[in-house]
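Before anything else, here's the structure in question.
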Amino acid sequence: MTEKKTTKECPLCSGDKVIGGTCECNSEWRGTQDGDDWNECQCSPEQPCPTCNGTGVVET
């Protein structure tokens with residue numbers, strides 16, 4: 001008898017396939033200058049979900 005595989009929405013990324021980046025802002029960093037303005041935020045990029053490998057679903 002073969003076992004039927006079922007899938008469900010990935011619990012880590014909620015089916016979105018990626019984990020969104022986050023930004024943190026702090027006026028003490030004074031990281032980069034864009035023209036006359038200073039960019040005081042540091043952001044991490046979106047990443048493929050490590051639990052579902054970017055598929056949005058996991059096999060159960």
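Read-outs throughout are calculated quantities, based only on the coordinates presented, and are distinct from any laboratory measurement. None of the values given here were measured: they were computed from a predicted structure. All Cβ positions, even for glycine, are placed from backbone atoms using ideal geometry, and neighbour counts span all protein chains on display.
State all residues of segment 6-30 that are of a type in the set (Asp, Glu) and either touching a strand residue (DSSP E or B) at 6+ places or on another chain (Cβ under 8 Å) or under 23 Å from Glu40 (Cα atoms) (or both); if no residue qualifies, say none.
Residues satisfying the conditions are Glu9, Glu24, Glu28.
Now, a different point. How about segment 43-58: which of its residues are closer than 9 Å to Gly20 by Cα and free of Cβ contacts under 8 Å to residues at least 24 places away in the same chain?
Residue satisfying the conditions is Ser44 alone.
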